[in-house]
Structure formats: C-alpha cells, structure tokens
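Undergrad: Before anything else, here's the structure in question.
Just so you know, all these numbers are worked out from the coordinates, no wet-lab data involved. On a predicted model such as this, the values are computed, not experimentally measured, just so you know. Cβ sites come from the backbone with ideal geometry, for glycine too, and all protein chains shown count toward neighbours.
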Amino acid sequence: MTPTSLVFLGAPASGKGTQGRRLAELGGFFYLSTGGLLRAALRDSSSMGEQARPFLDRGEYVPDSIMVPMVMELLKSKVQNMILDGFPRTVAQAEALDIAFQDGGKEPPSAIFLDVPMDELRRRVQGRLECSACHWVASRGQTELCSKCGGPMLPREDDDVNRFESRFREFERLTFPLVTFYEERERLLKLEALGSPDDIHHRILSKLSLSKSHGSKI
Ligand code: ADP
C-alpha cells in the first residue's frame, strides 16, 4: 500500500493516537486528531466545545451535523498528505471525507484498522495517562512527566469505566461498519494491534511504502 493520506480506525485505546502521531512524524504527514480538537475546544469553552460537551460527558459520539462541517472547514485549505486520527467515525463522515478529497483533486484516503480485543482495551484505558501540555500518551507508572515536552502526565477525563464502556458501544455500532466501507473500496489495511507500541509501529511500516512526497507539512 502506498497511500497519500491515511485514516486510523480503532476502538478507544486501540493506539490510533500513538501510532498516528508516530507515523505522521516519520512520514511528514499533517496529523489531525478530532478527539484532540474537541478536548481543546472544551478547555477553551469555544462555541463548538459547548455544543460538543454534553455528548462527550456521556461518552457519546458528537453528531455528524457538528463533526462534518468542522472537519470540512479545516480541510478546505489542507487536503493533502494527512493522517486522520478519529475521523471518520461514521459512514456519513467517511462519505463526506471521500468527497472532500475528490473535490480537492486528491486520491481518497486509505484506512488502517487497529484490531485489539476488548479485555486489552479495558486494561489500556485504566493504565493510560496523557500529557496535559502536548497530549502525548504513556502508560501509568512509566513516568510522571511527559517524555516529549516535560509536561504533567494525567488520566484523561473520559477514560473512566462508564464512559469507556459507552464509547466502546458507540464504536461497535457506528465505526465498525467502516471496516467494510474501506474493505469494499480496497483501501483497508487490517492489523492485529497487540504488542508494544514499537512492535505495532514496525508492523505498520512493514505493510506501507511511504512515498517521498510527504515532506510537505501544513
Ligand atoms: P478514543 O479513540 O480514545 O475514544 P479520541 O480522542 O479519538 O479518543 O475521541 C474522544 C471522543 O471525542 C470520542 O469518544 C467521541 O465522543 C468524540 N469524537 C472524536 N472524534 C469524533 C468524530 N469523528 N465523530 C464523533 N465524535 C468524535
């Protein structure tokens, strides 16, 4: 597979953020995390943050009517070599994304599905901390300060047990159908994503051939 843009699909705590950011750094892709954008909007109490807050508080997906215009606005000037983490999460979002790439004259993105069993997801959610400054993720006990920027590592608010279960149900109902969506379009790479972050990174790299044109960060 030699994709120009990639989307990471996977349940909460499947490693989309860790692997997406790492691959983006390596390949010079622009990296976009919709979960990260939403959390920033909540912190800033922007109008988008306030619209999204009740859904995030319940561990539900933010409706397509909010997410699609938000991402389409960002893509207006940026449809090129990207890694999208957490978008699309529904079939409507995937269709809108394909149209945006076509309209921008770009090849539509391929998807990497990180497949992780439920027990392991639960274990990871309970054990993960996120840097409150740069949002790097690490396991509890590894370090109290971020290895990237030195910021404080804290549990993520939406990683409590109830919200995790709810996010997982949303994933099964709304996002899992995207595996078929990309498979039918022959744009899917499915990976068993068990093992260390390094192992999974190398497994991803072994399946991709990155083209040299990814130097253009935007
Ligand atoms: P995780 O993958 O661990 O659930 P994310 O940071 O990707 O975490 O997303 C956190 C939450 O933000 C999701 O559970 C969901 O409620 C919301 N969210 C992020 N992206 C989308 C999206 N594309 N559509 C709907 N909701 C989204």
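Undergrad: Any idea what the dipole of the chain comes to, in debye rounded to 20, about its Cα centre with Lys/Arg Cβ at +1 and Asp/Glu Cβ at -1?
TA: Here the chain has a charge dipole of around 500 debye.
Undergrad: From the phi of every residue in segment 135-148, what ³J(HN,Hα) in whole Hz does the Karplus formula 6.51 cos²θ - 1.76 cosθ + 1.60 yield, where θ is phi - 60° and glycine or proline is x?
TA: These are the phi-based 3J(HN,Hα) values: 6, 5, 10, 9, 7, 4, x, 5, 6, 8, 10, 5, 6, 8 Hz.
Undergrad: I've got another one for you. Can you work out the base-10 log of I(q)/I(0) for the chain at q = 0.10, 0.13, 0.16, 0.18 1/Å, using the Debye formula on its C-alpha atoms alone?
TA: So the normalised log intensities are -0.42, -0.74, -1.19, -1.56.
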